[in-house]
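One structure below.
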Amino acid sequence: MGKILCATRGGEASYRTQDAAIALAQEQDDELLFLYVVDIGFLDKTASAVRPDVVATELENLGQFLLLMAEERAEKHNVRAGHILRHGELRKELKAAAQLPDVTLVVLGRPAGEESAFVPAGLAEFASEIESETGTPVRIV
Amino acid sequence: MAKCRRIRSKRVWLATLILGVISIALVSVPWRQANALASSSRDLAPMPEAQHVSLTGRLVDPTSEPVEGATVILYINGSPVGSGEEGTEIEVESAVDGAFVLDLPQTDLGSVESLTLKISRPHFSSLEWQATEQDLAKINRSESLRLADMTIERRVTPAFWIAALTFVAILTLVALDKLHTTMAALLGVAIILGVSSVGGTVDPDFFVFDFERAIEYVNFDVIFLVMGMMIVIGVIEETGIFQWLAYQAYRLSGGRAWLLVIILMLITAVASALLDNVTTMLLMTPITIQIALAMEVGPLSLLIPEVLASNIGGISTLIGTPTNILIGAYAGLSFNDFLVHLTPGVLLALVVLTGYILLRYRGQFLQRGGKLSETLLERLRESGRITQPDKLRMSGFIFAIMLVLFVLGERIHLAPAVTAIIGAVAMLLWVTPDIESMLKVVDWTTLVFFISLFIVVGAIQEVGVISMIATTIGDLVGDNLTVAILVVVWSSALLSGVIANIPFTAAMLPVIGYLSATIPGASNDVLYYSLSVGSAMGGNGTLIGASANLVTAGIADRAGYRITYASFFKIGFPAMILTVGAGCLWLLLRF
């Protein structure tokens with residue numbers, strides 16, 4: 001039994017990806033591992049004084065909440081789920097998480113409207129990047 | 001015995017010596033005083049009295065602002081004065097108030113046939129003044145002359161275009177998100193000072209100002225106030241107070257989304273007035289998203305009203321927005337001035353905003369959410385707790401004293417910047433006694449941004465761009481104060497939506513200064529308050545209009561809820577029109 005890694009941001013737009021990952025986990029009898037990445041790069045856009053460490057802590061709290069919600073969704077479908085929370089840039093952290101032991105598959109959500117983190121063309125390219133760099137297969141759902 | 005006599009004899013000698021010294025002193029003091037008096041009376045004895053015949057005047061620009069640093073050269077009978085005459089000035093520079101004083105040489109008095117002043121200054125046309133027959137007669141009778149104010153006309157030089165285009169480039173780069181604001185402002189400083197230094201030596205028309213003059217434009221009241229408040233906020237924000245307040249709002253609302261949004265808007269407005277709106281939104285946004293998800297309400301229906309309220313709330317105090325800090329420092333407005341003159345307007349705008357928001361999101365607010373699981377509720381409780389209660393108690397106490405000092409500051413001659421520094425130092429000594437913490441909480445990038453901005457705005461002021469804008473607006477509004485209020489409020493509100501409001505406000509301040517001095521009835525600072533209302537509330541019109549909007553959008557995006565330019569505009573722009581209208585109405589009623 002392996003682990004399916006599903007990067008999520010937790011919003012409604014992520015529910016479709018989460019559901020697809022849950023269905024895959026049920027089908028393959030795998031465990032789900034939700035990933036949330038705390039990225040505070042957007043702070044560069046403001047000229048106001050901010051404390052990145054305090055903002056990162058708040059985003060971590062938010063991430064924990066969103067991950068718990070995702071886990072509850074999985075558990076409703078009798079799928080065992082865990083989570084990891086990392087700090088940094090999404091693409092880099094996703095690749096690092098894909099190399100964790102027991103991760104057998106990475107699930108990426110197909111862009112759905114303007115809420116997605118990826119553009120369609122970039123997603124396929126990124127999937128092959130993960131596969132070639134980590135050796136972990138990627139499924140776009 | 002002999003030894004005893006010797007000692008006694010020594011004592012007698014010593015006593016005699018001391019007495020002698022005292023006697024000499026007592027005698028000599030009156031003698032010296034008498035001598036001094038005699039000497040002074042000799043000094044006061046009739047001597048050939050030095051007659052100071054002077055020529056004084058004052059230089060102003062077309063907006064009646066004093067012209068400092070202009071060179072004034074005096075010519076008598078066609079040639080420059082001062083050929084070796086001790087104590088006479090052949091050339092003087094106008095002072096800060098534009099005044100100049102020229103002492104005329106004694107030797108020439110009585111035989112002056114012509115008297116000419118030649119005045120020159122970079123960015124101004126040269127001016128020549130000729131004495132009339134009457135003036136000459138006065139001079140020859142050894143009477144001083146007081147000239148009427150002289151207006152020297154601005155001149156458009158290459159330096160004018162360099163400074164103006166650099167400022168426009170900075171605004172464009174920031175608006176298009178091509179460069180960080182600080183980097184853009186620093187680039188502006190480098191261009192202006194570089195061209196001014198190198199180009200100015202080749203052709204004086206390329207000269208904007210030198211480094212010393214550039215530094216004179218930096219308002220250190222603003223720098224220290226911003227720095228002090230950064231430290232204070234940096235300590236308070238660690239305590240979890242914002243998150244606790246948001247969680248209490250959730251509990252108080254009892255699952256009613258409409259009530260929750262009202263409480264959250266009130267919290268963000270008050271917090272923004274006392275601290276700053278960007279920090280408020282940075283800390284309120286994550287917990288608000290969690291609360292929204294817990295109540296099964298769209299997070300944006302809580303976040304957007306919060307950020308709109310936060311941009312409005314900041315207007316009511318001197319420290320609430322960076323633009324108010326700039327306005328207060330420039331116009332000398334106190335904490336109380338903002339509080340008294342703007343808080344009712346802010347409350348009116350918040351009432352209007354609340355009505356609009358409840359109407360706009362009525363569909364979502366009337367829905368009842370599902371029940372939250374115990375695990376998620378516990379997580380929410382965890383996010384909404386005060387993390388450092390001791391630190392909160394101490395920092396809260398210091399902050400309360402700071403507020404008292406801000407309010408009383410004017411009476412006890414305590415500048416807001418000094419209060420902020422006192423509070424910051426108290427925080428560092430008592431609450432977080434660690435110098436590393438200070439380095440961590442001060443955002444040096446922001447301070448560099450303000451310093452650079454002052455220099456760039458100083459450059460456009462120096463070369464006459466501001467003066468040109470001021471006279472154009474002055475001509476447009478004439479003597480009508482109502483029109484002036486409407487023009488300042490609405491133009492700053494609409495422009496703040498597309499260009500960064502801090503550089504805009506900094507550039508507008510001298511313009512407002514001119515309008516306040518020339519429009520009848522505007523001396524009560526109403527136009528400064530108009531700028532405050534327009535520039536801060538105008539930020540609600542677009543996503544890029546205020547930093548708080550961008551950080552809220554940034555965090556919401558991290559949770560999968562994207563706030564796009566269009567989605568923000570749909571809600572923010574009508575809200576901006578309504579609230580600016582309310583603010584404008586208040587200003588017209590109040591003043």
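Measuring from label point to label point, each 7 Å out along Cα→Cβ, what is the B:R393 to B:W444 span in nm?
Going by the 7 Å Cα→Cβ label model, 3.6 nm.
As I understand it, the dipole of the range B:158-216 uses +1 on the Cβ of Lys and Arg and -1 on the Cβ of Asp and Glu, about the Cα centre. Which of B:V198, B:P158, B:L186 lies farthest toward its positive end?
Of the candidates, B:L186 comes out farthest on the positive side.
Under a GNM of chain A (C-alpha, springs under 10 Å), which listed residue has the highest mean-square fluctuation: A:F42, A:F126, A:F34?
Comparing A:F42, A:F126, A:F34 in the GNM, the peak value goes to A:F42.
With the dipole of chain B worked out from charges on the C-beta (+1 for Lys and Arg, -1 for Asp and Glu) around the Cα centre, which of B:S120, B:F449, B:G355 lies farthest toward the positive end?
B:G355
By counting other Cβ atoms within 10 Å of each Cβ, how are B:M284, B:M576, B:M537, B:M183 ranked from fewest to most?
Ordered from fewest to most neighbouring Cβ atoms within 10 Å, B:M284, B:M576, B:M537, B:M183 come out as B:M183, B:M576, B:M284, B:M537.
Given the pairs B:K178/B:K440; B:K178/B:K570; A:K3/A:K95; A:K3/B:K371, which are separated by over 20 angstrom at their Cα positions?
B:K178/B:K440; B:K178/B:K570; A:K3/B:K371
Just going by the charge dipole of the protein assembly as shown, with Lys and Arg at +1 and Asp and Glu at -1 on Cβ, which of B:T280, A:A23, B:G521 is farthest out on the positive end?
Among B:T280, A:A23, B:G521, the one farthest towards the positive end of the dipole of the protein assembly as shown is B:T280.
With a ≥ b ≥ c taken as the square roots of the eigenvalues of the C-alpha gyration tensor of the protein assembly as shown, please select rounded if a/c is under 1.5 and otherwise prolate if a/b is larger than b/c or oblate if it is not? Don't jump to the answer; show the numbers that get you there.
Values: a/c = 2.55, a/b = 1.80, b/c = 1.41.
Since a/c reaches 1.5 and a/b is larger than b/c, the shape of the protein assembly as shown is classed as prolate.
If the elastic network links every pair of Cα atoms under 10 Å, which of A:R80, A:R16, A:R51 fluctuates the most in the Gaussian network model of chain A?
Looking only at A:R80, A:R16, A:R51, the biggest GNM fluctuation is shown by A:R51.
Assuming a ≥ b ≥ c are the square roots of the Cα gyration tensor eigenvalues, decide whether the range B:158-216 counts as rounded (a/c under 1.5), prolate (otherwise, with a/b larger than b/c) or oblate.
Prolate shape, in that a/c is at least 1.5 and a/b is the bigger ratio.
Using the crude model of +1 on Lys and Arg Cβ and -1 on Asp and Glu Cβ, and no other charge, please compute the dipole size for the protein assembly as shown relative to its Cα centre, in debye to 20.
Using only the charged Cβ atoms, the result is roughly 2740 debye.
Assuming a ≥ b ≥ c are the square roots of the Cα gyration tensor eigenvalues, decide whether chain B counts as rounded (a/c under 1.5), prolate (otherwise, with a/b larger than b/c) or oblate.
Cα axes put chain B in the oblate bin.
Exposure proxy check: B:K118, B:K371 ranked by fewest other beta carbons within 10 Å?
Result, fewest neighbours first: B:K371, B:K118.
Would you order B:I412, A:I40, B:I555 from fewest to most other beta-carbon atoms within 10 Å of each residue's own beta-carbon?
The most exposed by this proxy come first: B:I412, A:I40, B:I555.
How large is the charge dipole for the range B:158-216, taken about the Cα centre, if only the Cβ atoms of Lys, Arg (+1) and Asp, Glu (-1) carry charge, to the nearest 20 debye? Walk me through the numbers on the way to the answer.
Details: 2 positive and 6 negative charges, 44 e Å.
Result for the range B:158-216 is approximately 220 debye, rounded to the nearest 20.
So, with +1 on the Cβ of K and R and -1 on the Cβ of D and E, and no other charges, what is the size of the charge dipole of chain B about its Cα centre, to the nearest 20 debye?
Using Cβ point charges on Lys, Arg, Asp and Glu, chain B gives about 3100 debye.
List the residue ranges in chain B for DSSP H helices whose C-alpha atoms run 20 angstrom or more along the long axis and whose Kyte-Doolittle average is 0.0 or above. Kindly include the intermediate steps, with their values, before the conclusion.
Numbers: long enough: B:2-44 (61 Å, 0.38); B:158-175 (25 Å, 2.19); B:181-202 (31 Å, 1.78); B:220-236 (24 Å, 2.68); B:257-274 (26 Å, 2.64); B:277-294 (24 Å, 1.39); B:335-360 (34 Å, 1.51); B:389-408 (28 Å, 1.60); B:444-463 (29 Å, 1.88); B:481-496 (22 Å, 2.26); B:501-518 (25 Å, 1.13); B:565-590 (35 Å, 1.37).
Those that clear 20 Å and a mean of 0.0 are B:2-44, B:158-175, B:181-202, B:220-236, B:257-274, B:277-294, B:335-360, B:389-408, B:444-463, B:481-496, B:501-518, B:565-590.
For chain A, what is the relative contact order in percent, using Cα pairs closer than 8 Å and at least 6 residues apart in sequence? Let's see the in-between values first.
Values: 225 pairs, mean separation 43.6, N = 141.
Relative contact order of chain A: 31 percent.
FYI, it's all coordinate maths here, none of it is from the lab. Treat the numbers as computed from the prediction; the structure is a model and nothing was measured. Please note: Cβ atoms are built from the backbone with ideal geometry, for glycine as well, and neighbour counts cover all protein chains shown.
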